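Trainee: Can you read through this structure? Questions will come right after.
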Amino acid sequence: MKRKRMRLVLMVLTVILSLNLGSIVEASSAATPFSSHRWRQPEVTYVFKTKSNYYRSIYKKAIKAWNKTGDFKFIAGTSKDHDVVLTTSTATTGKYNMLAGITFTKANSVGYFTSATVKLLRKNLATYKYSKADRVHVAEHELGHVIGLQHSTNSHSVMMANNRYNAIAGVDKTAVAKRDIMAVGKSSLSLQ
Ligand SMILES: [Zn+2]
């Protein structure tokens, strides 16, 4: 059957996760959902591809915030050996339209992440007058996708689809702390 063949061919799944600009406010106390993909270990290595010291400092603040939770660690890698690329883009159209940031992840056939790229969309962030603190929240959200978190409807979660003002919340930390017991699966292609 065609579906079975598709699954065999899709050895590498690409998941695109992004953060919308805008201000939809939803209130809920639900825990932050975790995807069916995760890293084998609760840590990844990263490199900066952006030369901007401003954006490097934004990423560093977001990394520090996640590392502080104690449940997942971002470690500086090398140009030859890293899991995650952190960069920026000036793109504003196509799939980047109305987005503050976007994360691309790849997973192997078992369901473990193998690489990720995060882009903060600097032109859109400027157009919508995001403060540096807002941009750190966007970076925290995108790094949440790197870890494996999905969008949340909890009004406190950093993973709200349109998050601008939330930092990493208790519900986000709890979800990451439980990542080890989450089932890893070959979920279908998803786009957020
Ligand atoms: Zn998102």
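Trainee: For the modelled label position 7 Å from the Cα of Thr117 along Cα-to-Cβ, which residues of segment 77-98 have backbone nitrogen atoms closer than 17 Å?
Mentor: It comes to 79-97, nothing else.
Trainee: Right, something else. Taking H placed 1.01 Å from N in the peptide plane, check which residues at least 5 places from Thr114 or on another chain put their amide H under 5 Å from its amide H.
Mentor: Lys106, Ala107, Asn108
Trainee: At a 1.4 Å probe radius, carbon and sulfur cover how many percent of the accessible area of segment 135-178?
Mentor: 51
Trainee: With every protein chain kept in place and ligands, DNA and RNA left out, what is the accessible area per residue of segment 12-180? Probe 1.4 Å, answer in Å².
Mentor: So segment 12-180 comes to 45 Å² accessible per residue, rounded to a whole number.
Trainee: Can you flag which of Lys51/Lys173; Lys80/Lys178; Lys68/Lys132; Lys60/Lys95 are past 28 Å Cα-Cα?
Mentor: Cα-Cα > 28 Å for Lys51/Lys173; Lys80/Lys178; rest within.
Trainee: Now for a separate question. What trypsin sites (Lys or Arg not before Pro) in segment 68-99 are in a loop by DSSP, with at most 14 other Cβ atoms within 10 Å of the Cβ?
Mentor: Filter output for segment 68-99: Lys80.
Trainee: Report the gain in length on full extension from Asn108 to Thr45: 0.36 nm times residue separation, minus Cα-Cα distance, nm rounded to one decimal.
Mentor: Here the answer is 20.9 nm.
Trainee: Around Tyr112, under 9 Å between beta carbons, what's the net of Lys plus Arg minus Asp minus Glu among the other residues?
Mentor: +2
Trainee: Hey, if we sort Arg56, Arg179, Arg164 by accessible area with the 1.4 Å probe, largest down, what's the order?
Mentor: The most accessible residue leads, giving Arg56, Arg164, Arg179.
Trainee: Quick query: amide H of Ser155 versus all other amide H atoms, modeled in the peptide plane; which residues come in under 5 Å with a sequence gap of 5 or more or a different chain?
Mentor: Counting only residues 5 or more places away or on other chains, the set is Ser28.
Trainee: Among the chymotrypsin sites (Phe, Trp or Tyr not before Pro) in segment 86-170, which ones are in a DSSP loop with at most 16 other Cβ atoms within 10 Å of the Cβ? Mind listing them?
Mentor: Tyr128, Tyr165
Trainee: Loop only per DSSP, at most 16 neighbouring Cβ atoms within 10 Å: give me the chymotrypsin sites (Phe, Trp or Tyr not before Pro) in segment 38-76, ordered by residue number.
Mentor: The qualifying sites: there are none.
Trainee: Amide H of Phe34: which non-local residues (sequence gap of 5 or more, or other chain) have their own amide H closer than 5 Å, using H built in the peptide plane?
Mentor: It is Gln150, by chain and number.
Trainee: What does segment 12-180 give for Rg and for Dmax, in Å, if only its C-alpha atoms count?
Mentor: Cα radius of gyration and Dmax of segment 12-180 are 14.6, 43 Å respectively.
The values are calculated or read from the model by the stated rules, or taken from the named source; none is laboratory data. Remember, predicted model here, so these are calculated numbers, not experimental data. All Cβ positions, even for glycine, are placed from backbone atoms using ideal geometry, and neighbour counts span all protein chains on display. Only protein heavy atoms, including side chains, enter the accessible area calculation; ligands, DNA and RNA are left aside. Shrake-Rupley method; radii C 1.70, N 1.55, O 1.52, S 1.80 Å.
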